[in-house]
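The values are calculated or read from the model by the stated rules, or taken from the named source; none is laboratory data. Here the structure is a predicted model, which is why all the values come from computation and not from measurement. Cβ placement follows ideal geometry from the backbone for every residue including glycine, while neighbour counts extend to all protein chains displayed. When the accessible area is computed, the model is the full protein with side chains, heavy atoms only, and any ligands, DNA or RNA have been set aside. Shrake-Rupley method; radii C 1.70, N 1.55, O 1.52, S 1.80 Å.
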Amino acid sequence: MAAGDHIVCGQAAAEPLTLTRKLVAQGAAVAPVTLFLGATLSPTFDGGVPAGMRFFSYGTLGHNASLADRGLLEILPERYSRIAPLFRAGTLPADVVLLQLAPGRGGRRPSLGLAHDYCVDAARRARCVVAELNAGVPWTHGAELPPDVRIDHWVQADTGPVVLLPPAAGAVDVAIGKHVAGIVPDGATLQAGIGSLPDAVFRQLRGHRHLGLHSGVFGDAAALLMQAGALTNTRKGIDAGTSVTNTVVGSTDLYRWVDDNPGVQVRPGNYTHAAEVIARIHCLYAINGALQVDLTGQVNSEAVGGRQRGGIGGLLDFCHAARQSDSGGRAITVLPATAHGGRQSRIVVDLDGPATVGRGDVDVVVTEFGVADLRHATLEQRAERLIAIAAPAFRETLRHAWRKSTWGYRAWH
């Protein structure tokens, strides 16, 4: 590892913990380097890091927020589907790649296991690829290590993979989940992210039938839907009988369940997030969180209060596809109505950060107070519907501010 190197690390549950922890533990011995991180679910980089170490990512997802707050993280505002092509073209540099792999078995090559992401494209161009073999990582179908990826050094893991226990759903999450369940029809194909809110939504869908899954993430709640017979993947239009995902994140029980399970395939991002693939999916319901929604329908999923707290990720890839679906798909934005213990509304007149999703691409917004269908709605109708699902304590303030705003003034005069 040389000064100025760009190091690419496996993300989420595919972070090679033995390698990343040893890298941080070297302290002052580490030459100035830049680490490219995806979603970080471990506290590896939360504490002190070597003075010359800087970080680069497509968002402040998970523990990356800590790095951003300390001024150590540079953000690349790109959608997830574009990250791998940037590594493939060499636009994003990759000198060293750190991978986590499940050991091969039965004559099969090792598996990428818990994520089939941009690391493969980065590894094809890297000077050095280090692979951490981890017996605790499931061997997943669709993620067998490509034969053209060269491994220069092998390391045995001294710890299991990152585990993310199923979050406890609060009353707000459950209420939102019930609202979403009332929108999603039997036979829909689902996409959702990580966290207590998507988890709560999936748990409210156990009474549905013939659901499918094509998503960036597969977690415990999706496995429970499959085990309950609700998620069968029989009406997806593609990949019949198979849940398709780019990453697997969850409990040890989940990892055991997906191990060598042909009903779950971990596919590369150029398949899971590709527009031409998603366009073929039947009745795609994309369910994604947000930090704020303004009264015209714009969605902020990246920053609030001057602090980076999210990212574009796969949001735009799936949102656009769901809204343009010819088979009745929907793009659903979910968020609690308030933040900071109820002191601040997340339905706002003006966003406190970038408009990640423009008002022309927003479909349905759901809070614990109800559903705002924004399809084919005028600006005034949007404001009325969004105020109706804001927390009651903020509704009159929002109405007053809307009437004084540029958009509201035009509607009222």
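Students sometimes get this wrong: rank 44, 189, 91, 232 by accessible area, probe 1.4 Å, all chains present, largest first.
Working: 44 20, 189 0, 91 95, 232 50 Å².
Result, largest first: 91, 232, 44, 189.
Assign unit charges at the C-beta atoms only (+1 for Lys and Arg, -1 for Asp and Glu), then state the dipole size of region 52-202 relative to its Cα centre in Debye, rounded to the nearest 20.
Working: 13 positive and 14 negative charges, 72 e Å.
Computed charge dipole of region 52-202: roughly 340 debye.
Between 71, 94, 30, whose Cα lies farthest towards the positive end of the dipole of region 1-109 when Lys and Arg beta carbons carry +1 and Asp and Glu beta carbons carry -1, centred on the Cα centre?
Result: 94.
Taking every DSSP beta bridge with both residues inside the chain, roughly what % is antiparallel (nearest 5)? Please report the intermediate quantities before stating the final value.
Numbers: 15 of 66 bridges.
Antiparallel bridges: around 25 percent, rounded to the nearest 5.
Just how much of residue 154 is accessible, in Å², when a 1.4 Å probe is used and the result is rounded to the nearest 10?
Around 130 Å² of this residue is reachable by solvent.
What's the magnitude of the charge dipole for the chain around its Cα centre, counting Lys and Arg as +1 and Asp and Glu as -1 at the beta-carbon? Answer in Debye, nearest 20. Before the final figure, lay out each step's value.
Values: 38 positive and 36 negative charges, 116 e Å.
The calculation lands at about 560 debye.
From the residues 20, 213, 184, which one has its Cα farthest along the dipole of the chain in the positive direction, the dipole being from +1 and -1 charges on Cβ of Lys/Arg and Asp/Glu about the Cα centre?
It is 184, whose Cα lies furthest towards the positive end.
For a quick check: with amide H placed at 1.01 Å from N, whose amide H comes under 5 Å from residue 215's, ignoring anything fewer than 5 positions away on the same chain?
When sequence neighbours closer than 5 places are left aside, the close amide H contacts are 244, 245, 246.
Considering only protein heavy atoms, what per residue accessible area in square angstrom results for region 281-413 with a 1.4 angstrom probe? It would help to have the intermediate numbers written out before the result.
Working: 5690 Å² over 133 residues.
Per-residue value: 43 Å².
Using a 1.4 Å probe, how large is the accessible area of residue 128, given in Å² and rounded to the nearest 10?
30 Å²
Any chance you could run the full-extension gain for residue 183 through residue 404? It's 0.36 nm times the residue separation minus the Cα-Cα distance, nm to one decimal.
Details: separation 221, 0.36 × 221 = 79.56 nm, distance 3.32 nm.
Here the segment from residue 183 to residue 404 would lengthen by 76.2 nm.
Among 392, 298, 172, whose Cα projects farthest towards the positive end of the dipole of the chain, with charges put on the beta-carbon of Lys, Arg (+1) and Asp, Glu (-1)?
Positive-most Cα among the choices belongs to 392.
How many percent of the accessible area of the chain is carbon or sulfur, using a 1.4 Å probe? Before the final figure, lay out each step's value.
Numbers: 8340 of 16130 Å².
Ligands and nucleic acids excluded, carbon and sulfur give 52 percent.
Rounding to the nearest 20 debye, state how big the charge dipole of region 50-108 is about its Cα centre with +1 on each Lys and Arg Cβ and -1 on each Asp and Glu Cβ. It would help to have the intermediate numbers written out before the result.
Numbers: 7 positive and 4 negative charges, 65 e Å.
The calculation lands at about 320 debye.
Determine the order of 53, 226 by accessible area, beginning with the largest, at a probe radius of 1.4 Å.
Values: 53 0, 226 40 Å².
Of 53, 226, the descending order of accessible area is 226, 53.
Work out from phi, with θ = phi - 60° and the Karplus expression 6.51 cos²θ - 1.76 cosθ + 1.60, the ³J(HN,Hα) of each residue of region 50-56, listed in order in whole Hz, and give x for Gly and Pro.
Here the 3J(HN,Hα) series is x, 4, x, 8, 10, 10, 9 Hz.
Solvent-accessible area per residue for region 114-173 at a 1.4 Å probe radius, Å²?
That works out to 44 Å² for each residue.
Out of residues 5 or more away from residue 101 or on other chains, whose amide H comes under 5 Å of its own, with H placed 1.01 Å from N in the peptide plane?
132, 133, 134
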